[in-house]
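Taken together, the values in this text are just the output of simple stated rules run on the coordinates, not laboratory data. What you see is a predicted model; the values in this text were computed from it and never measured. Positions of Cβ are backbone-derived with ideal geometry, glycine not excepted, and every protein chain shown enters the neighbour counts.
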Amino acid sequence: MTRNLPLHKKAKALKPGSRRPAKELCSECGLCDTYFIHYVKEACAFINQQIDKLEAQTHTRCRNLDNPDELYFGVYQEMMAARKTEPIPGAQWTGIVSTIAMEMLNKGMVEGVVCVQNSKEDRFQPVPVIARHPEEVLAARVNKPTLSPNLSVLEQVEKSEIKNLLVIGVGCQIQALRAVEKRLGLEKLYVLGTPCVDNVTRSGLQKFLETTSKSPDTVVHYEFMQDFRIHFRHEDGSVETVPFFGLKTNQLKDVFAPSCMSCFDYVNSLADLVVGYMGAPFGWQWILVRNERGKQMLELVKNQLQTQPVTSKGDRKTAVQQSIPAYDRGVTLPMWAAKLMGAVIEKIGPKGLEYARFSIDSHFTRNYLYLKRNYPQKLQTHVPEFAKRIVEQYKLPES
Ligand SMILES: Cc1cc2nc3c(=O)[nH]c(=O)nc-3n(C[C@H](O)[C@H](O)[C@H](O)COP(=O)(O)OP(=O)(O)OC[C@H]3O[C@@H](n4cnc5c(N)ncnc54)[C@H](O)[C@@H]3O)c2cc1C
């Protein structure tokens with residue numbers, strides 16, 4: 001009997017806590033917690049960077065590197081700013097992601113949704129699930145700002161009767177998913193992605209909260225906002241803001257996971273539909289429809305959304321260039337100076353798509369340097385061509 005099994009079904013998932021094939025670059029996407037570990041050498045985003053091949057497989061073409069918007073944001077048909085007319089209380093932004101997933105279940109487009117709830121004891125401890133009912137999707141709303149093994153439920157998917165599945169996830173999870181998608185026995189896979197950057201382990205998150213917030217234990221939600229401040233929402237509903245420039249960079253340099261310091265898929269290139277915020281005006285979400293499947297997903301909720309065209313204002317380049325040595329040296333400004341700088345940059349700084357480019361440039365230059373210093377042997381193959389072109393616009397320290 002076992003002789004006819006697909007090869008992956010004979011593979012053994014790794015035990016929790018054991019060393020992963022990507023070693024310290026592992027982003028804990030969950031693939032190795034399943035028998036799909038059989039494909040890890042090809043599928044892992046940190047062992048085998050293959051964004052252009054997977055873009056062609058998913059969207060029928062790679063991004064056009066000569067188109068300045070595609071260079072930054074990947075293959076897309078349509079881009080817009082949107083918000084729910086009736087936001088979902090407790091969602092990360094207005095809850096567009098949860099709403100799309102719930103509608104897909106309600107309309108019978110899918111029988112299951114891979115998403116991530118939290119443990120009973122800890123609101124930030126991720127617990128990936130296959131939601132079968134809208135309430136289970138709703139229970140997964142809001143970011144768990146930690147590495148999350150979303151793909152750990154893939155073995156259950158293949159063993160279930162699910163034929164149409166929606167997966168919600170961040171770039172590294174979706175790269176691995178796309179690489180094994182044909183092995184899952186599905187008729188249709190829909191992928192709803194969010195951008196992602198600077199993720200942390202659960203203990204790293206604790207350090208970040210303790211160094212940055214005045215009340216780390218009561219934080220229920222936080223976001224690096226387009227106004228150049230981190231907004232922490234606390235249990236009592238109050239909002240605490242801390243300017244980016246006031247971050248204790250010297251203490252936080254090691255807090256981000258090495259995988260995230262080596263990632264160039266900020267905008268989730270392989271999702272059908274991406275819902276973030278950074279290309280939209282403050283308070284709005286940013287939507288990228290990458291292909292026909294993404295369009296179908298968005299259509300389901302359009303009557304619940306206000307939309308407006310994306311805009312772009314300002315020039316990010318000087319700010320990015322200046323931030324490279326400042327970050328490198330771990331410069332931390334006194335709070336009064338950080339607040340002043342935040343207020344000035346909010347007035348005259350990049351907005352809309354230019355803010356998104358500012359964030360991409362700052363992270364890609366930082367990550368390129370990190371890779372060059374720590375994994376020089378990976379530099380050529382791990383950095384996608386689009387990221388090399390973005391980084392080439394800046395002068396980086398020699399060593
Ligand atoms: C770690 C992280 C960093 C992000 N950074 C950026 C950024 O820099 N720029 C930007 O534009 N957008 C970023 N986003 C996306 C943004 O914060 C919102 O998640 C997105 O706009 C959706 O908001 P919403 O209200 O529609 O989501 P909700 O309706 O609240 O749903 C959130 C969904 O996210 C999923 N989720 C939560 N945590 C994780 C996780 N750790 N891994 C995978 N899936 C998860 C849940 O399953 C849930 O379905 C980030 C998201 C995450 C998880």
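Listing for the model above:
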| item | result |
| --- | --- |
| Unmet requirement for Asn118, which otherwise passes all of (1) more than 20 Å from Glu292 (Cβ to Cβ); (2) more than 8 Å from the ligand (Cβ to nearest atom); (3) in contact (Cβ under 8 Å) with a residue 60 or more places away in the chain | (3) |
| Count - residues of segment 340-364 that are under 12 Å from Lys317 (Cα atoms) and among the β-branched types (Val, Ile, Thr) | 1 |
| Pair list, Cβ < 9 Å and 6+ apart or interchain, from segment 93-114 residues that are on the phi > 0 side of the Ramachandran plot and in contact (Cβ under 8 Å) with a residue 12 or more places away in the chain to residues that are within 9 Å of the ligand (Cβ to nearest atom) and not aliphatic (A, V, I, L, M) | Gly95/Lys84; Gly95/Pro87; Gly95/Arg141 |
| Number of positions in segment 129-141 that are surrounded by fewer than 22 Cβ atoms within 10 Å (Cβ to Cβ) and either of a type outside the set (A, V, I, L, M) or in contact with a helix residue (DSSP H, G or I) (Cβ under 9 Å, 6 or more places away or on another chain) (or both) | 9 |
| Residue selected from segment 206-228 under the condition touching a Lys or Arg at 6+ places or on another chain (Cβ under 9 Å) and closer than 24 Å to Asn367 by Cα, by the criterion farthest from the ligand (Cβ to nearest atom) | Thr211 |
| Residue within segment 300-309 that is within 16 Å of the ligand (Cβ to nearest atom), in a helix (DSSP H, G or I) and surrounded by 13 or more Cβ atoms within 10 Å (Cβ to Cβ) present | yes |
| Only one of Val75, Val142 that is in contact with a His (Cβ under 8 Å, 6 or more places away or on another chain) and either of a type in the set (S, T, N, Q) or away from the ligand (no atom under 14 Å from the Cβ) (or both) | Val75 |
| Residues located in segment 269-285, provided they are near the ligand (Cβ under 9 Å from one of its atoms), of a type outside the set (Phe, Trp, Tyr) and within 12 Å of the chain's Cα centre (by Cα) | Val274, Val275, Gly276, Met278 |
| Sole residue being away from the ligand (no atom under 13 Å from the Cβ) and more than 19 Å from the chain's Cα centre (by Cα), chosen from Arg183, Arg178 | Arg183 |
| Some residue of segment 242-262 being in contact with a strand residue (DSSP E or B) (Cβ under 8 Å, 6 or more places away or on another chain), among the charged types (D, E, K, R), more than 12 Å from the ligand (Cβ to nearest atom) and touching a residue at least 40 places away in the same chain (Cβ under 8 Å) | no |
| Residue pairs meeting the criteria (Cβ under 7 Å; at least 6 apart or on separate chains; first within 18 Å of Glu55 (Cα to Cα), in segment 375-391; second of a type in the set (Phe, Trp, Tyr) and assigned to a helix (DSSP H, G or I)) | Val383/Tyr368; Ala387/Phe364 |
